[in-house]
Each structure stands twice: as C-alpha cells, then as structure tokens.
Amino acid sequence: MTGKGPAQSLRRLRMRFGLERAGLERAGAPVMRLFLFAGASARRLAGLATATTPSAVGSIRFRSRRDRRSVALGRALDAVAAGDLRRRLPVGSARDDLDRVAHAVNTMLDQLAETMEGLRQVSATIAHDLRTPLIRLRATLDGLAGSAAPSDRSAAKDALDQLDSILQVFHAILQIAQIEAGSPRSRFAPIDLAVLCRTVADLYRPILEDAGRPFSVEIGETADTWIAGDRDLLMQAIANLLDNALRHTPPETGIAIRLAREPAGQVLLEVADRGPGVPEAERDKVFRRLYRLERSRTSEGHGLGLSMVAAVVALHRSTIRLSDNAPGLTVSIVLPAIDPD
C-alpha cells in the first residue's frame, strides 16, 4: 500500500471494527498427544481382548461390543484433539482396561478445562483492571500533547500511538473472552451473508482502489446464503481477513471475496489473495494468538487477526481452513445454512 491516505483509512477501519485481537497463548499440545496415545492404547486393548475370548460365538459378540466402544473412544479423542475440551470419553460399567483409560483421560480433561478457564478469567480480569488507568493516562497524555512545547509534541504523539495499541490489545482480550464464553449467541439472528459481504466490501473498496489493488466480490446470483449468527462479529471477521490480506501481500496484487451455497446445506465464504501464502506446516499455527510468521515480524500488527476470526468461527459452530491459491492464500469458512422463513 502506498501513500498515507490508504494507511490512515485502514487504521480508521481497524479502530471501527476493533480488529486488533489478543488472548491466551495456546496450551495443551502435550496433552493432545497423550490423548492420541490413549486412543491407540484403547484400540490395542480391544484387539487383545478379542484374541483371548473362550468361544467363537462369545468372541464375536465380545469383539463387536469392544469394537463399538473403541470407535466411540476414538471419536471422542478426535474431538478433544481438535480442541473440544468439553468432550468426555464414554465410560461403561465393565470396569475393564478401556474404562480405566477413559476415566483417567476424563479426569485429566476436567483438570485441563479448569486450568484453561482460570487462565481466561485471569487474562480478562487483568485486561479489565488495567484498561481504566490506561484510559486515564491517555487523557493526560492527550492534554500534554496540546500544551507541550513543539519539541515535546512529537514524543507525546508517539506515546499516544503506543498507548492506543495497548488499549486495542486489552479490548481484544475482553472481547475474545466474551466470544469464547458463548455469550454473543444471545444476539444470533438470521443474516444474509451475501448482503454482509457486500457491506464490508463497499467499506474496503476505496482503500483497495487507492492502493491500486484489483478487488472482486463473487456471489452467485441465485445462491441462498442465509445463516444464523452475530452480524457485528461476522463483519469483524470478514474485515479481519481483508485487513490480513492487505497487510501481508505485495502492492498491486489482487484480493477476492467469494460466497457460494454448498450442496450439503452449508454456505462457503472465502477470502483469497495473490501474495506469498502461508507454508503448509504453519497453517494451523497462524490461528494461535500472538503467532506471527517469521517474515511478518517487522510488519504492523500483533499476529492476532486470524485468531479472532477462528474464535468467531468456533462460536458459530463452523469450520475454517487455509489452502493454496496458487499463488497466494485462500481462507475458507464453512457455515451451516438456514431457511430465513
């Protein structure tokens, strides 16, 4: 992006939407590996049990029962490994090795969920308690900037800019905590995602045109794109994706919004760019809060945009994935469609 005009406009949009996001460091990877190990152990135990049954008929019945339990355990472990810490492994009445493994993993999950919730509450409390004195400090600096000597005004302005950045981070921590708690669900209503995409596109189009960026919005004319959701959060998520594409792609490269109705009763939303993309090995990592690619560490931002988008997607019980746009990056969000009537 060239010139101060587009950059200033983009900053105003980011302030409007609250696009700087923050939160907790991602935790629990060693535990996830343990869950996968426990699942493999459960399956091995099931195979061992079926090999030692005393009769052919009994073996078949026992194996069928153990297989069903192993499948149920495997599905629960897959859900936990995908990040659903509310999921628990089924525990039967046999009190055998499978039940002992399931009980042990469930106990560990309870402890992990309690720890994660405590961390969320602590981060939200810190952000809330520090935001008020920082706002007061900003008001004081603002007054000093107007009355200071010309030689000091530049320093005061720099301090205000840094303070604004800190306040945005604290605002993001509080908002992400609210999203993860699920409270915005009370605001869910039918939304035509096509209208929402066009609204965000109209806001960003002048910025993209000033920067010499090709921009397209591809929405099927007959597509039924109604979903249930929080309009403001979805608008922030789309804007975050556009902001991310603007910030991390070369000047004059194109950006596109695509929206289509999927055959399985879903709506597919994509934001695609023609930049350097994201290495496949790091595509899951960029959803972590504060994570940044090595090449992006010198650019503006805190590495929080995609983590906020992921939180909004999870709130809407939807999925998000990154893929190669050859060249560039495509961010795809799949949401459940509804009948607006």
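Readers should treat all values here as calculations from the given coordinates under stated rules, not as data from a laboratory. Worth saying up front: this structure is predicted, and the values here are computed from it rather than measured. Counting neighbours? That spans all protein chains shown, and the Cβs are built from the backbone with ideal geometry, glycine included.
Ordering 135-146, 244-255 by mean Cβ neighbour count within 10 Å, with the highest value first, yields 244-255, 135-146. Over the stretch 190-291, the fraction of Cα-Cα pairs per 5 Å bin, rounded to whole percents and listed from the shortest bin up, is 2, 11, 21, 22, 18, 17, 7, 1.
For the stretch 212-254 versus the stretch 301-341, the inter-centroid distance based on Cα atoms is 10 Å. A simple count of charges around Asp84, restricted to other residues whose Cβ falls under 13 Å of its Cβ and scoring Lys, Arg +1 and Asp, Glu -1, yields +3.
Considering every pair of different Cα atoms, what Kirkwood radius, in Å, is found for the stretch 135-254?
Working: mean 1/r = 0.0562 Å⁻¹.
Radius from the Kirkwood sum: 17.8 Å.
Neighbours of Leu196, meaning other residues whose beta-carbon lies under 12 angstrom from its beta-carbon, give a summed charge of -2 when Lys and Arg score +1 and Asp and Glu score -1.
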